[in-house]
Amino acid sequence: MSIAYYPGCTLKTKGKNLEKSALAAMEVLGIDVEELPRWNCCGAVYSLADDDLIHVVAPVRDLVRVAERGQDTVITLCSMCYNTLARANDLMKNDEEKRKTINDFMDEEPDYSGEVRVVHLLDYLRDEYGWDKLKEKLKSPLNGMKVAPYYGCTLLRPKEVALDHPDRPVLMHEFLETLGADVVDFPNAMECCGSYQVLGNPDAAVEVSHEILSGAAEKGAEALALTCPLCDFNLGKRQDIILEKYEGASEVPIYYFTQLLAVALGVAPEECHFELNRDSAAQLLKDKNIISAVPA
Amino acid sequence: MSTTTEQTAVEAKMIPIYVMGKKYEVPETLTIMKALEYAGYKYIRGCGCRGGVCGACSTVYRKPGDYKIYTGLACQTVVEPEMYLTQLPFYPANRATYDFHALEGNPEEIFGLYPELFRCVACNACSKVCPMDVEVMDYIAALKRGDIAAAAQISFDCIQCGLCASRCMGELPQYHIGQLARRINGAYLTPRAEHLATMVANIEAGRYTECLNKLKSADEDELKRLYTEERELEPAQAGEDWTPKENVCL
Ligand code: SF4
Ligand code: SF4
Ligand code: FES
């Protein structure tokens, strides 16, 4: 049976490069996923208020949609969707009282108690597909490319849903290493990009994003790999603002981890939609002879 | 047993209903709309087509011993004993002003005109009250991810009654947003019907002018004759490829 796939809203608009490259890569790998025919926005941010249960309704409804189809696993690509769905699932599994409140409120849906497993493509590749098997499928490994893994917040926190050790993660390191890249460790890999602060306090977001980019560059990284459209917004789409504001700041190409996966598997660059990245992203892959030409 | 059929008028059973809290006895066979008129109310607003398509007569009701909110169109819903009801002929909901022809038809324009779209928490209260069984939450969800065509499809049966907006905890005017999606879908996303353009060109080139003039100048008898005697009728079992022999006016 195919695995249920939950895309999330941004992957259908601004983050098409994350979705399209992932789907192409999974096809090459033979990972059979099928987008849920019916899903709603998960809310993107898991509410930190204990009693704010209304914001848990949206992700739980998505999990109900998976369970209703008789599927036991849902795979995500966006780290914020992963985090929101996984935390809602954790609540439904472990908090009997809140589970009852939510099930009673959603009286038009079947009861749910955390039966579905929420995974992210990264831990799926590690735990179920396996790095060794992935390595065998590579056509165009990222040899000679110095890439820094940027985890951000939501893959690693809180511990209930963390895909790896929150302070000493190796998941993305292993992933990039498997793809053949020279992995560049840097101290800001688990720091926040500024997230939604970019709306209310853009200067603060620019400052922390700059620290991340310069932290990676100082360690010799030529590029940054990430998993989250909001991180991409702060570090990639708004990088020009950073470059303008900080003297000596240098351009850092930003990739979704799935784009690097796809090109390494030999997927045509056109399918990775580099036009939604900074221009430097496709250019660097071309310079490293990983792709033969920058798509028009 | 008598051989002639006797027609006896059967009195409809009378049942109690509560209109805005006041009790009335009405025949159990009536729709809510007719029951209100039976009870002496006169419609000035809150009634339009009487056929379930205009959305003017949304009604909210509850049944004894049941926490659920029920809704229906007053012109379509039959009364039930002990129902408590009120009509909601209008519900205020913000409608954005836009110059439709200045739009390009992309999701960002909808997000800009209706930023409250993102206040939806997927509570589904809207779908639960929709008298047309539209999955309101789902068309809002489709729009949040920029899928205008899906939103237009899902909201197709909406009759703009406003009940969804009355229940929304995100304070969205769902039906206005859905209408904008259907407009954009129709004008910008759906492929143009080429045969329509051909037809318009034919009309403008005068292809049907003579046929129409002939009909316009015919007197009543002549029209009757053309309609009953000369008209070529499609045979009852005609296949899909049937065309009339006389096709000058087609
Ligand atoms: S979608 Fe809203 S406005 Fe449209 S018919 Fe349903 S409840 Fe009424
Ligand atoms: S009632 Fe409002 S908040 Fe609830 S699902 Fe519908 S649109 Fe979203
Ligand atoms: S009067 Fe038009 S829908 Fe009821």
For this session: Determine which single condition A:Val60 fails, assuming it passes every other condition in (1) more than 19 Å from the chain's Cα centre (by Cα); (2) within 14 Å of another protein chain (Cβ to nearest Cβ); (3) free of Cβ contacts under 8 Å to residues at least 24 places away in the same chain.
Result: (3)
Problem set entry | Residue in segment A:248-296 that is most open to solvent (accessible area, probe 1.4 Å), counting only those that are assigned to a helix (DSSP H, G or I) and free of Cβ contacts under 8 Å to residues at least 12 places away in the same chain | A:Asp279
Exercise. Picking from A:Val184, A:Val170, which residue would you name as being without any contact (Cβ under 8 Å) to a residue 40 or more places away in the chain, of a type in the set (A, V, I, L, M), touching a strand residue (DSSP E or B) at 6+ places or on another chain (Cβ under 7 Å) and on the phi < 0 side of the Ramachandran plot?
Worked result: A:Val184
Exercise. So which residues in segment A:1-39 are closer than 22 Å to A:Arg87 by Cα, touching a Pro at 6+ places or on another chain (Cβ under 9 Å) and at the interface with another protein chain (Cβ under 10 Å from one of its Cβ atoms), if there are any at all?
Worked result: A:Gly8, A:Thr10, A:Leu11, A:Trp39
Exercise. For B:Gly162, are the conditions met, namely being within 16 Å of ligand 3 (Cβ to nearest atom) and either under 23 Å from A:Leu36 (Cβ atoms) or within 15 Å of the chain's Cα centre (by Cα) (or both)?
Worked result: yes
For this session: Only one of these is outside the structural domain of A:Gly152 (by TED's automatic domain parsing), farther than 19 Å from A:Asp232 by Cα, hydrophobic (A, V, I, L, M, F, W, C) and outside any helix (DSSP H, G or I): A:Ala67, A:Ala49. Name it.
Result: A:Ala49
For this session: Only residues that are more than 6 Å from ligand 3 (Cβ to nearest atom) and hydrophobic (A, V, I, L, M, F, W, C): list them for segment B:41-57, please.
Result: B:Ile44
Exercise. So which residues in segment B:67-85 are within 16 Å of ligand 1 (Cβ to nearest atom), open to solvent by less than 50 Å² (accessible area, probe 1.4 Å) and out of contact with any Lys or Arg (no Cβ under 7 Å at 6 or more places or on another chain), if there are any at all?
Worked result: B:Thr71, B:Gly72, B:Leu73, B:Ala74, B:Thr77
Problem set entry | Tally, over segment B:97-118, of residues that are within 16 Å of ligand 1 (Cβ to nearest atom) and surrounded by fewer than 19 Cβ atoms within 10 Å (Cβ to Cβ) | 1
For this session: Among the residues of segment A:78-97, count how many are within 14 Å of chain B (Cβ to nearest Cβ) and not in a helix (DSSP H, G or I).
Result: 1
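In a helix (DSSP H, G or I), open to solvent by 80 Å² or more (accessible area, probe 1.4 Å) and within 14 Å of another protein chain (Cβ to nearest Cβ): does that describe A:Asp127?
Values: in a helix (DSSP H, G or I): yes; open to solvent by 80 Å² or more (accessible area, probe 1.4 Å): yes; within 14 Å of another protein chain (Cβ to nearest Cβ): no.
No; evaluated as a whole, the condition is false for this residue.
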Seminar exercise, completed: B:Arg192 fails exactly one of (1) touching a Cys at 6+ places or on another chain (Cβ under 9 Å); (2) away from chain A (no Cβ under 14 Å); (3) charged (D, E, K, R), namely (1)
For this session: For A:Lys139, indicate whether it is touching a residue at least 24 places away in the same chain (Cβ under 8 Å) and of a type in the set (D, E, K, R).
Result: yes
Problem set entry | Matching residues, segment B:17-66, being within 16 Å of ligand 2 (Cβ to nearest atom) and open to solvent by 50 Å² or more (accessible area, probe 1.4 Å) | none
For this session: Report yes if A:Tyr112 is crowded, with 16+ Cβ neighbours inside 10 Å, within 19 Å of the chain's Cα centre (by Cα) and in a loop (DSSP other than H, G, I, E, B), otherwise no.
Result: no
Seminar exercise, completed: Of the residues in segment B:111-135 that are in a loop (DSSP other than H, G, I, E, B) and among the hydrophobic types (A, V, I, L, M, F, W, C), the one that is nearest to the chain's Cα centre (by Cα) is B:Met132
Exercise. Pick from segment B:173-200 the residues that are more than 15 Å from B:Ile154 (Cβ to Cβ) and within 14 Å of ligand 1 (Cβ to nearest atom): which of them is surrounded by the most Cβ atoms within 10 Å (Cβ to Cβ)?
Worked result: B:Pro173
For this session: Mind listing whichever residues of segment B:132-152 are away from every other protein chain (no Cβ under 13 Å) and surrounded by fewer than 23 Cβ atoms within 10 Å (Cβ to Cβ)?
Result: B:Met132, B:Val134
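If I filter segment B:160-168 for residues that are touching a residue at least 40 places away in the same chain (Cβ under 8 Å), at positive phi and away from chain A (no Cβ under 14 Å), do I get at least one hit?
yes
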Problem set entry | Exclusive hit being more than 9 Å from ligand 2 (Cβ to nearest atom) and within 19 Å of A:Pro7 (Cα to Cα), set B:Ala149, B:Ala102, B:Ala122 | B:Ala149
Exercise. Within segment A:84-102, can one find any residue that is open to solvent by 30 Å² or more (accessible area, probe 1.4 Å) and closer than 30 Å to B:Gln153 by Cα?
Worked result: no
Exercise. Just one of B:Leu163, B:Leu180 is touching a Leu at 6+ places or on another chain (Cβ under 9 Å) and more than 23 Å from B:Gly46 (Cβ to Cβ); which is it?
Worked result: B:Leu180
Problem set entry | Pairs, first within 16 Å of A:Gly43 (Cβ to Cβ) in segment A:63-75, second open to solvent by 40 Å² or more (accessible area, probe 1.4 Å) and among the small types (Gly, Ala, Ser), C-beta under 8 Å, six or more apart | none
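The values are calculated or read from the model by the stated rules, or taken from the named source; none is laboratory data. A quick note: this is a predicted structure, and the numbers were derived from the prediction, not measured. Glycine also receives a Cβ, built like all others from the backbone with ideal geometry; neighbour counts cover every protein chain displayed. Just the protein is used for accessible areas: all its heavy atoms, side chains included, with ligands, DNA and RNA removed. Shrake-Rupley method; radii C 1.70, N 1.55, O 1.52, S 1.80 Å.
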